[in-house]
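The values are calculated or read from the model by the stated rules, or taken from the named source; none is laboratory data. All values reported here derive from a predicted model rather than from experimental measurement. Here the Cβ is made from the backbone with ideal geometry for all residues, glycine too, and neighbour counts use every protein chain on show.
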């Protein structure tokens, strides 16, 4: 392929570097024993940055390059899991902010993507390790409900349905915090790259400040 313009060269270079950076972050998140929370927060940012700088077509190319890299390096299961939710979420947020959609839309759909992706990851990892990881999640939910009951001395004994429902609420709450934090980081960081995203809703202004 012959490169004829500066824009084409920048598209290739930025796509390669940002896809490689995002892949490296995923490998580090998967294998390093420390820094997982920080790596999870910054993992979607390179692909979002590529989307805002180069558009949707280039962002899709970057996502494909990252998928191929991780598929080769880590195998079909571990390499594909970066899509759920990080790759898909990064593409969605980049698309929303490129089109200047409100935080309500990007946040709501982002939480849905993250929640569905969580269940996909549980199924895939349960298959990989040969154990039902959902049992661990329901145990954590039961422990939290028990502590809540003891704290407020409630005459209540949780059923299996209550425990399962509590686990789902915990997952949704976790995704709300995660996606909202990515919004806050991007809103604070991207202006340094001469990129902007829509302003947050008024009720979040104090949190952002």
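Return the residues of the stretch 160-173 that are surrounded by 13 or more Cβ atoms within 10 Å (Cβ to Cβ) and modelled with pLDDT of 85 or more; say none if nothing qualifies.
Narrowing the stretch 160-173 to residues surrounded by 13 or more Cβ atoms within 10 Å (Cβ to Cβ): 162-168, 170-172.
Within the stretch 160-173, 163, 164, 165, 166, 167, 168, 170, 171, 172 qualify.
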- line: Those residues of the stretch 32-51 which are assigned to a helix (DSSP H, G or I), surrounded by fewer than 21 Cβ atoms within 10 Å (Cβ to Cβ) and in contact with a helix residue (DSSP H, G or I) (Cβ under 9 Å, 6 or more places away or on another chain) amount to 36, 39, 40, 41, 42
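Can you confirm whether residue 105 is assigned to a helix (DSSP H, G or I), over 16 Å from residue 83 (Cβ atoms) and free of Cβ contacts under 8 Å to residues at least 12 places away in the same chain? Outline the logic, then answer.
Numbers: assigned to a helix (DSSP H, G or I): yes; over 16 Å from residue 83 (Cβ atoms): yes; free of Cβ contacts under 8 Å to residues at least 12 places away in the same chain: yes.
Here the answer is yes, as residue 105 does meet what is asked.
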statement: Checked against (1) modelled with pLDDT of 90 or more; (2) exposed (fewer than 13 other Cβ atoms within 10 Å of the Cβ); (3) not in a helix (DSSP H, G or I), residue 157 satisfies every condition except (1)
The listed residue being under 16 Å from residue 111 (Cβ atoms), at pLDDT below 85 and either assigned to a helix (DSSP H, G or I) or in contact with a strand residue (DSSP E or B) (Cβ under 9 Å, 6 or more places away or on another chain) (or both), out of 151, 204: 204
- request: Name the one entry in 111, 122, 129 that is surrounded by fewer than 14 Cβ atoms within 10 Å (Cβ to Cβ) and more than 17 Å from residue 26 (Cα to Cα).
  value: 129
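So in the stretch 65-79, with the set limited to residues that are without any contact (Cβ under 8 Å) to a residue 24 or more places away in the chain and within 17 Å of the chain's Cα centre (by Cα), which one is surrounded by the most Cβ atoms within 10 Å (Cβ to Cβ)?
Start the filter on the stretch 65-79 by keeping residues that are without any contact (Cβ under 8 Å) to a residue 24 or more places away in the chain, which leaves 67-68, 71-72, 75-76, 79.
Okay, now just the ones that are also within 17 Å of the chain's Cα centre (by Cα), so 67, 79.
On the way: 67: 17, 79: 21.
Within the stretch 65-79, the match that is surrounded by the most Cβ atoms within 10 Å (Cβ to Cβ) is 79.
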- prompt: Considering the stretch 86-102 alone, what residues qualify as being in contact (Cβ under 8 Å) with a residue 60 or more places away in the chain and outside any helix (DSSP H, G or I)?
  reply: 100, 101, 102
- prompt: Within the group 123, 176, 185, 172, which residue is under 22 Å from the mean Cα position of the chain (by Cα), free of Cβ contacts under 8 Å to residues at least 40 places away in the same chain and in a helix (DSSP H, G or I)?
  reply: 123
task: Tell me, please, whether a residue that is in a helix (DSSP H, G or I), in contact (Cβ under 8 Å) with a residue 60 or more places away in the chain and exposed (fewer than 13 other Cβ atoms within 10 Å of the Cβ) can be found in the stretch 188-195.
output: yes
- prompt: Cβ-Cβ below 7 Å, separation at least six or inter-chain, first residue in the stretch 142-156 and at positive phi and without any contact (Cβ under 8 Å) to a residue 24 or more places away in the chain, second surrounded by fewer than 11 Cβ atoms within 10 Å (Cβ to Cβ) and part of a helix (DSSP H, G or I): which pairs?
  reply: none
message: Take the conditions within 29 Å of residue 81 (Cα to Cα), more than 17 Å from the chain's Cα centre (by Cα) and modelled with pLDDT of 85 or more and apply them to residue 139. Does it pass?
response: yes
